[in-house]
1. Would you mind working out the magnitude of the charge dipole of the chain relative to its Cα centre, with +1 at each Lys and Arg C-beta and -1 at each Asp and Glu C-beta, to the nearest 20 Debye?
2. Treating the beta-carbon of each Lys and Arg as +1 and of each Asp and Glu as -1, no other charges, what is the dipole magnitude of region 30-74 about its Cα centre, to the nearest 20 debye?
3. What are the ³J(HN,Hα) values, in whole Hz, obtained from phi via the Karplus relation 6.51 cos²θ - 1.76 cosθ + 1.60 with θ = phi - 60°, for each residue of region 90-106 in sequence order, with x given for Gly and Pro?
4. For the chain, what is the relative contact order in percent, using Cα pairs closer than 8 Å and at least 6 residues apart in sequence?
5. For the ranges 32-40, 17-25, what's the packing order if you count other beta-carbon atoms within 10 Å of each residue, average per peptide, and put the highest first?
6. Would you tally the net charge around D106, using a Cβ to Cβ cut-off of less than 13 Å, leaving D106 out, and scoring K and R as +1, D and E as -1?
7. Dipole of region 135-188, Cα-centred, from +1 at each Lys and Arg C-beta and -1 at each Asp and Glu C-beta, to the nearest 20 debye?
8. Calculate the spin-label point distance for A40 paired with D91, positioning each point 7 Å from the Cα along the beta-carbon direction, and give it in nanometres.
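Any read-out appearing in this document is the output of simple, stated calculations on the displayed coordinates, not a laboratory observation. No experiment lies behind these values; they were computed from the predicted model shown. Note: ideal-geometry Cβ built from the backbone for every residue, glycine included; neighbour counts use all protein chains shown.
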Amino acid sequence: MTTPAQTPSADAPAARRLLIVGPPGAGKGTQATRIAEALAIPAISTGDIFRANVSQQTELGVLAKSYMDKGEYVPDSVTNDMVRSRLAEDDATGGFLLDGYPRTLDQVDALDAVLADLGASLDAVLLLEVDSDAVVQRLVARGAEQGRSDDTEETIRRRLEVYAEQTAPLVDVYEKRGLVRRVDGMASIDDVTAALLAALGAPDAR
Ligand code: ADP
């Protein structure tokens, strides 16, 4: 594959500034890694960045853990600053796939401002649609396998509520901008990847 020229040109480059959205347990992390690899862009997961900070016991990690373990969102100001500096790194200049951000309307505004400062804009928002009973089962299973401290049944329920209250409304915002691409997240992992790539107009990498 050739790298598109830096200047905007008539031969439309593949969509490269992307978000992936969906409830906890939708499979965002799994798919984000695959899509980012296929498009040669970094997958940037705010959840992973927080967890790395928690395990290194940084100041940010200690703060984040107190929210994460209750299923609540880390305060926007903290998350927004973290994303702003991550998107300014060199590997994100040609594109990125953000997983788990934005999650609130305030974060949407913050991301718009960051991208405007970088002279960039979003190309597409991938929405993974899943059935809510299935996601609870997936998360309970993940908690047992990976020992994630926020994958307990009580926290899962709270995370799903917080998603419905605070994050689901973002879909309308991006829908109005014509950016949303809906994909059925209940299919097999490979089929979901293929559907996501097809939704982006990218060739199936398999
Ligand atoms: P999931 O989507 O499976 O719930 P993540 O790994 O994306 O898990 O996030 C885990 C936790 O990290 C969230 O419940 C929240 O506490 C925190 N977090 C991640 N991203 C954000 C964000 N954009 N804003 C606020 N908190 C966040």
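1. Numbers: 21 positive and 33 negative charges, 33 e Å.
For the chain, the charge dipole is close to 160 debye.
2. 60
3. Result, ordered by residue: 3, 5, 9, 5, x, x, 6, 10, 8, 10, x, 8, x, 10, 9, 5, 4 Hz.
4. On the way: 263 pairs, mean separation 62.7, N = 206.
Here the relative contact order equals 30 percent.
5. Numbers: 32-40: 19.3, 17-25: 23.9.
Packing proxy ranking, top to bottom: 17-25, 32-40.
6. Working: positive: R103; negative: D76, D81, D109, D112.
That sum, taken over residues with Cβ under 13 Å, equals -3.
7. Numbers: 10 positive and 10 negative charges, 53 e Å.
The calculated dipole for region 135-188 is roughly 260 debye.
8. Result: 1.5 nm between the two label points.
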